[in-house]
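Please read the structure below before turning to the comments.
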Amino acid sequence: PTTPIAKAADKLEEAAERLLPGSPVPPGAPGSGTPGVEEPTAPQPPLPPKGDQSAPAPGSATGAPATTDPRHRAQQGRWLTTATGVRLHDTDHSLKAGPRGPTLLQDHHLREKLMHFDHERIPERVVHARGAAAHGRFTGYGTAASVSLASVFDEGRETPVFVRFSTVLGSRGSADTVRDTRGFATKFYTDEGVWDLVGNNIPVFFIQDGIKFPDVVHAGKPHPDREIPQAQSAHDSFWDFVSLHTEAQHHTIWNMSDRGIPRSYRMMEGFGVHTFRCTNAEGATSLVKFHWKPKLGVHSLTWEEAQMLNGFDPDFHRRDLADAIESGAFPEWELGIQVFEDNPEQMFEGIDLLDSTKLVPEELAPVQPIGRLVLDANPTNYFAETEQVAFHTGHLVPGIDGTDDPLLQARNFSYLDTQLTRLGGPNFNQLPINRPHAPVNDMLRDGMHQSAVHSGVAPYQPNSLDGGCPFHATTDPDDPATRAFVEAMVTVSEGRKVRAQPASYDDHFSQVRLFWRSLTPTEREHVARAYTFELGKCYEQAIKERQLLALAQIDPVLCAEVAQGLGLPAPEPTAPLADPDPSPALSQLGDTWPIAGRMVGIVVDDTSDADQVAALRTAAFEAGTVPLVVAPHGGEVAGATVQRTFATVRSVELDAVVLTTVTAPAPDAGNSLLGDLDPRVRLLVEEAFRHAKPVAGLGRGGEALLAAGVPADAAGVLTAGDATALWSDLTDLLAAHRAWDRFPPSLT
Ligand code: HDD
């Protein structure tokens, strides 16, 4: 073939052959369906049924487990068809009365195509609309056996999972790196049914009672008149709410801390937030809080980076997660539990375990590891999986149960209810991503989008027509569903129906102060700056003053710092301040962590030493990091393939920058780089330096660093003549995430 279209047709043919080996139609043969070649006339064998269309598996009304193989849901077959399987000859031209005539109503393909397109969007989630997800597996350690009989915790047992991370406030198309809470929702497809752990990266919540959830969300979402600002809390209604509802101050200080701007979904903790009740094989119960601990440590962006990324790469977190998984740097977390006695008060060391605005310091109740989560596969289709996945706090398995936390109780209603609007009916559990991998034998019937073909005539229990099936699991003592059944404890509050809360919910500040006191000075400085920024964006003086009053109740230094930034007087606290012991586990600085998946920018030009560049790249690859070669232009430079040019790179996508470059010295500049450094390289280095990232000069790159204005003796600045030596020091810096010593904090 010589024409471009014929060449393209050949390529398509080859691709089709790879996808469907053994096709009866040889590539290029008449009837092969190649566009622009021949009319498809050769007979075709029928397509195999899609996984979702095959007959229900025995014992499984919905057909689950139909398949978890994404190929079964992929586009299949070489022929384009209508939705009803009729082969199509042309999808590019509507049927018209003559080439320039009106379109005919009888063109079913046109109408079907447009009808389907017109309804492609579904309502986005009312919160957590922006998300990214991945498949993986959870492996139990067996260490939870004394607490829970759930099989998912069994030693060595692997359970498939789907995890969706999200921001809370923004719309589906909003940016990833906004200051916000992050959702961390995990669906465990256990052999005993689905367990959803629907948590956040912050261990406490804004409100104590779910009845206030619509209120806090209304306050955080864009203002109803102009619908701005998008995906931000830096506006009047948010601060109006949290300053009036001081129970929200604890969650808010976490948002204002570096936790509100994570470096990556892979570098966040996750928390189940509520206290859950677990039952072991002997029927004994305990109260439990769930924690996810990331293998890579907890790390954040700087606020300036986060803001820049919102413009330069609004998909930063989504891309980071998918790239890491695709490159084999599989994100990992350990699941841990804090365990408390199931006492009638549901209290621990004076902390009300049913109050979701309180945490239990790890120093008082250690987090005990019970299993490992690895995310090792990206979704095949965003809509089918990430968008249609439906989590629910009520999806629990035998051995894990809820408590009377009023926030959790409201969630148990809300997550079921919201799917009716979002997913269009009550059968959303039949969507492939939501299907349990355990057999389903429910008596739920019919309804919108019913895709199961239920057999039998008696979907009621007991019955004498369908052989009595299904039966209750109440008699067999070996059945976990029987063993996990705990007599419901009914607490009737003083014998009256009340709209009230216990006195233990009244303390809104001592744990906020605990958090503040547990941070390092660097982290505190970031918190103070975040409050100053956010309140500085508010218009109403009264709101700023009211929030300053709340800050006075947290800490006088914090309050004074923010007040100064706002140009307002710092108020005095209205009650004596609490004096909690700091909890070092709440700080995210001061340790070192694995550096897998870190992005290292290696800036080269034609005068770079190709051997040194090669040695640096090799060392970086071997350490599991991602070396990105940055050069003045694309193609090959200094013996390496260029991944970013000076025009496409920006510091915010890198964790460290190494200059190997010697931008050719201008003839009249002596041998100096000073007047000659490309302004884009200068910007790259300046930004990386300002964001406390490691910056390094290899060979004459050291001079280039100086030319960019980087003080050679500043913390986290390296120069070396040899790539291996440089890499060894650089890994130490990367392991600490940032060189915060570069900027001594002003707050203590
Ligand atoms: Fe919620 C979504 C986490 C309180 C009502 N929530 C949602 C998601 C996460 C959380 C991670 C996204 C799930 C996904 O990826 O599909 N929510 C939390 C946490 C809370 C919390 C950790 C407190 C401890 N939520 C909460 C309350 C209510 C809701 C108190 C209502 C009473 N949440 C919803 C919702 C959403 C939701 C409106 C939106 C989409 C969805 O459920 O499926 O029903």
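The values are calculated or read from the model by the stated rules, or taken from the named source; none is laboratory data. These figures come from a predicted structure and were not determined experimentally. Because the Cβ atoms are built from the backbone with ideal geometry, glycine has one as well, and the counts that use them run over all protein chains shown.
Out of the residues in the range 254-312 meeting the condition of being within 16 Å of the ligand (Cβ to nearest atom) and assigned to a loop (DSSP other than H, G, I, E, B), tell me which one is surrounded by the most Cβ atoms within 10 Å (Cβ to Cβ).
Restricting to residues being within 16 Å of the ligand (Cβ to nearest atom) and assigned to a loop (DSSP other than H, G, I, E, B), the top hit is Thr275.
Name the strands (runs of 3 or more DSSP E) wholly inside the range 119-213 in which the number of residues that are away from the ligand (no atom under 12 Å from the Cβ) and either more than 19 Å from His395 (Cβ to Cβ) or out of contact with any strand residue (DSSP E or B) (no Cβ under 9 Å at 6 or more places or on another chain) (or both) is 1 or more.
On the way: elements: 131-140, 158-167, 182-190, 193-200.
Strands (runs of 3 or more DSSP E) meeting the threshold: 131-140, 158-167, 193-200.
Can Phe241 be described as aromatic (Phe, Trp, Tyr), within 24 Å of Arg529 (Cβ to Cβ) and either modelled with pLDDT under 95 or surrounded by fewer than 24 Cβ atoms within 10 Å (Cβ to Cβ) (or both)? Outline the logic, then answer.
Working: aromatic (Phe, Trp, Tyr): yes; within 24 Å of Arg529 (Cβ to Cβ): yes; either modelled with pLDDT under 95 or surrounded by fewer than 24 Cβ atoms within 10 Å (Cβ to Cβ) (or both): yes.
Criteria met by Phe241.
For the range 325-339, what are the residues that are under 19 Å from Trp292 (Cα atoms), of a type in the set (Gly, Ala, Ser) and not in a strand (DSSP E or B)? Show your work before the answer.
To start, the set of residues in the range 325-339 that are under 19 Å from Trp292 (Cα atoms) comprises 325, 329-339.
If we keep only those that are of a type in the set (Gly, Ala, Ser) too, we end up with 329, 336.
Result: Ala329, single match.
What's the number of the condition Val360 fails, among (1) over 22 Å from the mean Cα position of the chain (by Cα); (2) closer than 22 Å to Cys278 by Cβ; (3) within 11 Å of the ligand (Cβ to nearest atom)?
The one condition Val360 does not meet is (3).
Identify all residues within the range 415-431 that are within 11 Å of the ligand (Cβ to nearest atom), surrounded by 16 or more Cβ atoms within 10 Å (Cβ to Cβ) and touching a residue at least 60 places away in the same chain (Cβ under 8 Å); write none if there are none.
Tyr415, Thr418, Arg422, Leu423
Go through the range 395-414 and count every residue that is within 11 Å of the ligand (Cβ to nearest atom) and part of a loop (DSSP other than H, G, I, E, B). Can you show your working first?
Residues of the range 395-414 within 11 Å of the ligand (Cβ to nearest atom): 405-414.
Those still in the list that are part of a loop (DSSP other than H, G, I, E, B) too: 405.
Final tally of qualifying residues: 1.
Name the residues in the range 220-236 that are more than 14 Å from the ligand (Cβ to nearest atom) and among the small types (Gly, Ala, Ser), would you?
Going residue by residue through the range 220-236, those that are more than 14 Å from the ligand (Cβ to nearest atom) are 222-236.
Residues satisfying the conditions are Ala231, Ser233, Ala234.
Residues of the range 527-562 being farther than 20 Å from His235 by Cβ and assigned to a helix (DSSP H, G or I), which ones? Give the derivation first.
Taking the range 527-562 and keeping what is farther than 20 Å from His235 by Cβ, we get 552-561.
Ala552, Gln553, Ile554, Pro556, Val557, Leu558, Cys559, Ala560, Glu561, listed by residue number.
Only one of Val298, Val339 is under 25 Å from Phe271 (Cβ atoms), of a type in the set (Val, Ile, Thr) and in contact with a strand residue (DSSP E or B) (Cβ under 6 Å, 6 or more places away or on another chain). Can you tell me which? Give the steps one after another, and end with the answer.
Values: Val298 fails: in contact with a strand residue (DSSP E or B) (Cβ under 6 Å, 6 or more places away or on another chain).
None of the others qualify; the one that does is Val339.
Listed residues Val127, Val147; which is within 20 Å of the chain's Cα centre (by Cα) and surrounded by 18 or more Cβ atoms within 10 Å (Cβ to Cβ)?
Details: Val147 fails: within 20 Å of the chain's Cα centre (by Cα).
The unique qualifying residue is Val127.
Could you please find all residues in the range 237-253 being away from the ligand (no atom under 16 Å from the Cβ) and under 23 Å from Thr177 (Cβ atoms)?
Ser237, Phe238, Trp239, Ile253 - these are the residues of the range 237-253 that are away from the ligand (no atom under 16 Å from the Cβ) and under 23 Å from Thr177 (Cβ atoms).
Answer yes if at least one residue in the range 89-102 is outside the structural domain of Arg263 (by TED's automatic domain parsing) and among the aliphatic types (A, V, I, L, M), and no otherwise.
Narrowing the range 89-102 to residues outside the structural domain of Arg263 (by TED's automatic domain parsing): 89-102.
Those left that are additionally among the aliphatic types (A, V, I, L, M): 95, 97.
So far as the range 89-102 goes, yes, one or more of its residues are outside the structural domain of Arg263 (by TED's automatic domain parsing) and among the aliphatic types (A, V, I, L, M).
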